[in-house]
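The values are calculated or read from the model by the stated rules, or taken from the named source; none is laboratory data. Note that this is a predicted model, so its numbers are computed, not measured. All Cβ positions, even for glycine, are placed from backbone atoms using ideal geometry, and neighbour counts span all protein chains on display.
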Amino acid sequence: MNTVVKQNELRRTSAHPSNNSIYKPKQAGLIFPTIPDFETFAQERQHRKERLVAACRAFALHDLDYGFAGHLTIRDPEFPELYWTNPMAVHFSLVKISNLILADHTGKVVEGKYALNRAGFVLHAAVHEANPDIVAMCHAHSVYGTAFAALGRPLEPITQDAAAFFEDHVVIRNEAGAVAVEENAGLSVADYFKNVKAAIHQNHGLLTVSRHSIEAAAFWFIALERCCKQQMLVEASGIKPLMVPPTAARYSREHVGSEYIGWLHFQPIYEQLVHSSPDMFE
Ligand SMILES: [Zn+2]
């Protein structure tokens, strides 16, 4: 019973928080992405797996790989206590439907042939378990995000893009720089994700989460990495940047920093991948 209630709550929060935005065309009949409806869990599972693979391929496109580091997770729609994730030691550019793995909270692989990235899953499982509303999560040891994380500082609202993260991310100093292989290491960071979509883990790197979709979590990771790069470029100029005022930053965050907008930003990336990398569906 408990599982069913939890699952229904997840479906409500993960399905369609909003198909509306300032970008939605007022003119009828134009081509514009829409979030699909699903009649069965099997359809929704297939959709989530395809988008998880695309998110991994997008991470490859954006040079977010570092050896075997980096993990992306999306809950199964029917069994939300289980997560689909990328296989251990497979390059993001080679992730495909057939090599995805399904794992439980303890890191046990319940479907798929590949091993699981233990260090990554400790963090992801702890965050998912402590936050039933979070459906997807991304983490990678990206160049700029990891460098910025060494500063132990939050992102400043120096651009409209950075304002998408204004008061919507945290800096986590717990377990800074210590690889998270013990389960309690994950637990000590899991509570930081209440009401935010991203975290900068000091001396480690970036993490993004979504209550909406793997597409949103993946896009906000790509965006956060870019914002870290931009802030460091601006600071390297030696000229003090002008900040977006807090009221304007909040306004921008509401309009261009939502889960739906993250999902929408991912659509052109997805379409590009469908054309360039049809092997992702194998
Ligand atoms: Zn890591």
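Could you tell me whether the stretch 219-235 includes any residue that is small (Gly, Ala, Ser) and more than 19 Å from the chain's Cα centre (by Cα)? Let's see the steps before the verdict.
To start, the set of residues in the stretch 219-235 that are small (Gly, Ala, Ser) comprises 223.
Checking the rest, the ones that are also more than 19 Å from the chain's Cα centre (by Cα) come to none.
Looking for residues that are small (Gly, Ala, Ser) and more than 19 Å from the chain's Cα centre (by Cα), one finds none in the stretch 219-235, hence no.
When the stretch 64-79 is examined, which residues are found to be more than 16 Å from the ligand (Cβ to nearest atom) and over 13 Å from residue 213 (Cα atoms)? It would help to see each step written out before you state the result.
Kept after step one, since they are more than 16 Å from the ligand (Cβ to nearest atom), are these residues of the stretch 64-79: 74-79.
78, 79, listed by residue number.
Just to be sure I understand, how many residues within the stretch 103-124 are among the hydrophobic types (A, V, I, L, M, F, W, C) and within 21 Å of residue 190 (Cβ to Cβ)?
Here is the first cut: in the stretch 103-124, the residues among the hydrophobic types (A, V, I, L, M, F, W, C) are 103, 109-110, 115-116, 119, 121-123.
Retained after the next criterion (residues that are within 21 Å of residue 190 (Cβ to Cβ)): 103, 116, 119, 121-123.
Adding up the residues that qualify gives 6.
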Practice problem: Could you list all residues from the stretch 124-137 that are away from the ligand (no atom under 11 Å from the Cβ), under 14 Å from residue 198 (Cα atoms) and touching a Gly at 6+ places or on another chain (Cβ under 9 Å)? | Solution: 127
Quiz prompt | Residue count for the stretch 229-271, restricted to those that are more than 21 Å from residue 212 (Cβ to Cβ) and part of a helix (DSSP H, G or I) | solution = 12
Quiz item: What about residue 158, is it without any contact (Cβ under 8 Å) to a residue 40 or more places away in the chain, crowded, with 18+ Cβ neighbours inside 10 Å and of a type in the set (A, V, I, L, M, F, W, C)?
Solution: no
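Are there helices (runs of 4 or more DSSP H) fully within the stretch 124-214 with at least 2 residues that are polar (S, T, N, Q), in contact with a helix residue (DSSP H, G or I) (Cβ under 8 Å, 6 or more places away or on another chain) and modelled with pLDDT of 95 or more? List them.
On the way: elements: 143-149, 160-163, 183-190.
Here the list is empty.
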Quiz prompt | Cβ pairs under 6 Å, 6+ apart, first in the stretch 70-91 and closer than 13 Å to residue 121 by Cα, second of a type in the set (Asp, Glu) and modelled with pLDDT under 95 | solution = 82/104
Exercise. Could you tell me whether the stretch 103-123 includes any residue that is more than 16 Å from the ligand (Cβ to nearest atom) and of a type in the set (Lys, Arg)?
Key: yes
Quiz item: Going by the conditions given, is residue 210 under 19 Å from residue 23 (Cβ atoms) and surrounded by 15 or more Cβ atoms within 10 Å (Cβ to Cβ)?
Solution: yes
